Amino acid sequence: MKTTTLGKSDITVPAMTVGCWSFGGGEYWGNQSQSDVNNVVHAALDRGANAFDTAEVYNAGESEVSLGKALKGRRDKAVVMSKISPSNCRNVRKHCTDSLQRLGMEYLDVYMLHWPINKLSMEHFSADSSVLTAPPTIEEAYTQLNELKKEGLIRAIGMSNFGRKQMEEVVRTGVQVDVNEITYNIVSRAIEAEIAPYCVENNISIIGSMGLQQGLLTGKYRTPDEVPGPQAHSRHFPEHRGGGTSRHGEAGAENEIFEAINQLRLIADKLNTPMSQLSIAWVLKKTFMASTLVGSRNISQLETNIAACSYELSDEAEALIDRISLPVLEVLGNNPDYYEHTSKSRIY
């Protein structure tokens, strides 16, 4: 398993980070048995995929609880990342210690601000008018994060879903920030324009979230009608696909996406490689990627995903996938907020 050091820290992460959003079960992903979580986490550790990403908001904290149970007795072998919601940054210490309590751990390896601090972003996490009208500043948030790092409660500081200008604002605080976790996959390439170059220039590692676009790039859906509403509420799809959960109001790019998926399926068949492995290998081929974040509900999914980390994708295959996915990029553009209308992005 290839590993990369995050930013200027001494933390190394494997090419694939295990996404823990489904852990603990919840409305978005449905039930998730703890026994499957235990099996996935233990197998991931045994195979070198020892980084795990969760957040306080995932399943109302149950993701952290579930991950903590699975890592009991093996914490020292894992790189554990969690995230604080922007609406909670008045008191970062409390929310960090709450996460640690749920995890049953004494420290986090990486603690990230889940979304930038702006009104639209925070409205998804809180209805408290006092928070929305007088939000904390980036300086306040990252000063508190730095204090926790000095005390040993966290080893490295990160951000998630930050755009170029927002990263610049964080860098100006003088706090060492080692990672930006943000969506990147074959049909979500917005970060290539400005975000990835800035991260490379400033030694900020990128962990790409949604490496398989919530199952879309596994090839299991052959038409847009087959995609469940919760997984179709992004700008990739027209608003009606989200089953009442979409809020972007745009036309989507599903025709371009499914044309790309059909071509990707043909490439996978020709290479005798599962489409999910091809999709992950394409992400990892990009030199600006430190790790790709992929969810695995069971051992079978985990083994398929991990195998992609050692798959040698040729330059020709990479270039071909670049070409077949370009029409999607042209429709969706360089805005990496895939859930809001382009004109009111939370990421900039």
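Looking only at region 261-279, decide whether some residue is part of a loop (DSSP other than H, G, I, E, B) and surrounded by fewer than 17 Cβ atoms within 10 Å (Cβ to Cβ). Checked against the condition, which is being part of a loop (DSSP other than H, G, I, E, B) and surrounded by fewer than 17 Cβ atoms within 10 Å (Cβ to Cβ), region 261-279 yields at least one hit.
Name the single residue, out of those in region 10-38 being of a type in the set (Ser, Thr, Tyr) and surrounded by fewer than 19 Cβ atoms within 10 Å (Cβ to Cβ), that is modelled with the lowest pLDDT. Here the residue is TYR28.
For region 192-234, the candidate set comprises residues that are small (Gly, Ala, Ser) and part of a loop (DSSP other than H, G, I, E, B); within that set, the residue that is surrounded by the most Cβ atoms within 10 Å (Cβ to Cβ) is GLY211.
If you go through region 22-33 and pick out every residue that is more than 16 Å from the chain's Cα centre (by Cα) and either in a loop (DSSP other than H, G, I, E, B) or without any contact (Cβ under 8 Å) to a residue 12 or more places away in the chain (or both), you end up with 7. A count restricted to region 93-107 and to residues that are among the aliphatic types (A, V, I, L, M) and within 21 Å of the chain's Cα centre (by Cα) stands at 2.
Note on region 234-272: residues that are modelled with pLDDT under 95 and hydroxyl-bearing (Ser, Thr, Tyr) amount to 2. Entry remark, region 99-143: residues being part of a helix (DSSP H, G or I), surrounded by 20 or more Cβ atoms within 10 Å (Cβ to Cβ) and touching a Lys or Arg at 6+ places or on another chain (Cβ under 8 Å) number 1 in total.
Yes or no, residue by residue, for (1) touching a strand residue (DSSP E or B) at 6+ places or on another chain (Cβ under 6 Å); (2) in contact (Cβ under 8 Å) with a residue 40 or more places away in the chain; (3) charged (D, E, K, R); (4) within 29 Å of GLN144 (Cα to Cα):
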position: SER9; (1), (2), (3), (4): yes, yes, no, yes
position: CYS20; (1), (2), (3), (4): yes, yes, no, yes
position: SER35; (1), (2), (3), (4): no, no, no, no
position: ASN39; (1), (2), (3), (4): no, yes, no, no
position: LEU45; (1), (2), (3), (4): no, no, no, no
position: ALA49; (1), (2), (3), (4): yes, yes, no, no
position: GLY68; (1), (2), (3), (4): no, no, no, yes
position: SER87; (1), (2), (3), (4): no, yes, no, yes
position: ARG102; (1), (2), (3), (4): no, yes, yes, yes
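The residue list LYS285, LYS344 contains one member that is more than 20 Å from ARG164 (Cα to Cα), more than 17 Å from the chain's Cα centre (by Cα), of a type in the set (Lys, Arg) and surrounded by fewer than 19 Cβ atoms within 10 Å (Cβ to Cβ), which is LYS285.
All of (1) part of a helix (DSSP H, G or I); (2) in contact with an Asp or Glu (Cβ under 7 Å, 6 or more places away or on another chain); (3) closer than 20 Å to SER22 by Cβ hold for VAL80 with one exception: (1).
The values are calculated or read from the model by the stated rules, or taken from the named source; none is laboratory data. In this text the structure is predicted, and so the values were computed from the model without any measurement. Here the Cβ is made from the backbone with ideal geometry for all residues, glycine too, and neighbour counts use every protein chain on show.
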